């Protein structure tokens, strides 16, 4: 204790002097990279007051140094984050803008450079395009069918796993295994399970006396089947996110709730859920974006791998419709307009989410 | 532990040395390239010119030993192929590469469903193969030659195989239904008319085994029927006329009647359940182009051996077949064109038929013993050379337009299959099909 104080006092007195002496003895150019410690700057200023008036050259040198330093502090962080934005610009922003430009034209994949101005034609056409509305509706209904049970189940599972469990690591790893499985592999297995003539699910239904279901060709049945694939893949992932958030809830909240006589269920609804609000909102937003972009599952659910989404387009999502227009029908302009419509819808959802989040914060 | 660490460090040194050496070599190679350039740029270390071949699906050139043979005949040439499994993925990739003039192989395959679009929109990107001295237009069926030729007479792709169609049928099911099983008698049951094929189907459904359908799928039946018609979706002037074409309506009626009467096994072709149905023998007949026999043998397996046979289709038609072209920006245009001319010549087509079952598009090969005497043991020693040659010579000359494939797909899926799978009436389904086609065609 005493020792530290002494060194502290000594150090405080010696530091400026030391720094000044070093600087005078061996003047070196300021390094442009790396952030110098703020202490060095302070030392410089301290010495300026004590030393005799410096020469004009020295003055300039110091001014340059301090300018460099300020520039460094100000701009270096941008340099550090630049790589991400360069990559994003090349592979995110540029395609986004180019897609926007293409969406204003008639372009065919047979001659992608040969663009014919169409104004907003591709967008106005979407308004009356029943296949677009069908795909939007399917995206929405599959999204709801997949997201709602998935998040509720994840919440329940996380709650159970939040208790002291034997082999909790094992359970956590198992939870995440479906997430680590490739979409293609998982979907192909589910397609076999949901087969009409030779599927295991229809066989099991038959064993309990239920007529076989034509999973492919019904609207609800096919969307339900696809939703189960999504649920299977993503529930574990969301469970772990919820679990992490639950473990950050202070134990004393539960203790005081228990002292007040709250049951387990009441603890869950009155302590856990309110503490998890921001996390729940996060998972809702992420799942919504995922649902909007749903592509691989419905594509591979169709036995021929066709982007039409069934004979009646009964499970064609927006992603599949975009793909069909662009890469099967070869209409790049129309496909770009669908892509931008999807982007705008996501923006709209983001705004709604932001408003909800603000409300939630205010109500707390 | 220490030893391991040291070894790691040493191997890291070695790795660094290897990387440096590679980079150095690349630099040297880069300099050498500047000097050499031209045809030598892709020459392998043994000094041979490597021709690349871009294919989809299974052509079987390599398996039939044709690359090896060409390499033996032309010592300076090596051949390498890259294969994309599905044409739906291959074709868009080909189009983008043609548009950017990069990434193209020396030889690119084109499927018959896309050939009209390629000749109509990409002709300037391909080398003219029609004027070559080693290519004789008389070696091909005229319709096959014309499909690879533009309106102003530039032949951008040469035909490989074609898909003349027959009917594959199960003798055991025919016998159980009291129908003849001999292939000549079976052919006579429906000769000349798809409606007779349906009538036979009605008899089969009444007298045959309960759990066996007459035909695998309404979609397959529609494809077969439209392939044997005089015309399809375009008229001779190149206008889209599918809505008013009586030939389309006739094929539509055949397929939707079969669907409505429950004569189909409600399968979708080339899906695992279809394979399984073939294995279990749940349908009695199937329109089979020559290239499908191998598939049926694969999926039918041992338990169906000797049960299948091949009869003439009610009317002959063509389903499938491909073309090979040489892009203008190919690194070795001349060598590639020479190779394509050789690969599509009658002798090589006959070899491919013998080895792989792809039927030649060259009628002059039909008299060679390789084709004329060919039989298929899985199909009860059926004389497939004779049957398919007869079918090939009867294939109608149809005008195929750029969007033929898309129109066919949408009529098949939104139309025929909606009758079969969802029980729509043919009229409702036709309206749905027209909506889908029009949406797919509208730019």
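None of the figures in this text is laboratory data; all of them are computed from the coordinates on show. Everything numeric here is computed off the predicted structure, so don't read it as measured data. Glycine also receives a Cβ, built like all others from the backbone with ideal geometry; neighbour counts cover every protein chain displayed.
Among A:138, A:329, A:122, the largest mean-square fluctuation in a Gaussian network model of chain A, built with springs joining Cα atoms closer than 10 Å, belongs to A:329. The mean number of partner chain beta-carbon atoms within 10 angstrom of a residue's beta-carbon across peptide A:300-313 is 5. Could you work out how far the C-alpha centroid of the stretch B:152-174 sits from that of the stretch B:384-443, in angstrom? Here the two parts' Cα centres lie 16 Å apart.
For the stretch A:224-270 versus the stretch B:259-294, the inter-centroid distance based on Cα atoms is 50 Å.
In the elastic network of chain A, a GNM with C-alpha springs shorter than 10 Å, the most mobile of A:303, A:95, A:77 is A:77.
Neighbour counts of other Cβ atoms within 10 Å put B:378, A:254 in the fewest-to-most order A:254, B:378.
Placing R0 at 56 angstrom, the Cβ-Cβ distance between residue A:153 and residue B:250 gives a FRET efficiency of 0.55 after rounding to 0.05.
Does the stretch A:123-363 classify as rounded, prolate or oblate by the C-alpha gyration tensor (a ≥ b ≥ c root eigenvalues; a/c under 1.5 gives rounded; else a/b over b/c gives prolate, otherwise oblate)? The shape class here is oblate.
Look at B:416, A:73, A:191 and count the other Cβ atoms within 10 Å of each Cβ; fewest to most, that gives A:73, A:191, B:416.
Our note on the geometry: Cα centres of the stretch A:70-136 and the stretch A:329-353, 10 Å apart. Helix A:332-363 and the longest principal axis of the C-alpha atoms of chain A enclose an angle of approximately 70°.
The smallest convex shape that holds all Cα atoms of chain B, its convex hull, gives 202 Å³ per residue.
Where both partners of a DSSP beta bridge lie in the protein assembly as shown, what percent of those bridges are antiparallel, to the nearest 5? Display every interim value, and only then the final one.
Numbers: 29 of 42 bridges.
In the protein assembly as shown, approximately 70 percent of DSSP beta bridges are antiparallel ones.
Comparing A:211, A:114, A:72 in a Gaussian network model of chain A where C-alpha atoms under 10 Å apart are linked, the largest mean-square fluctuation is found at A:72.
To the nearest whole number, what is the average tally of beta carbon atoms from other chains within 10 Å of the beta carbons of peptide A:327-335?
The mean count of partner-chain Cβ atoms within 10 Å per residue comes to 5.
When each of the peptides B:191-204, B:75-88, B:110-123 is scored by how many other beta carbons lie within 10 Å of its residues on average, the order from highest to lowest is B:110-123, B:191-204, B:75-88.
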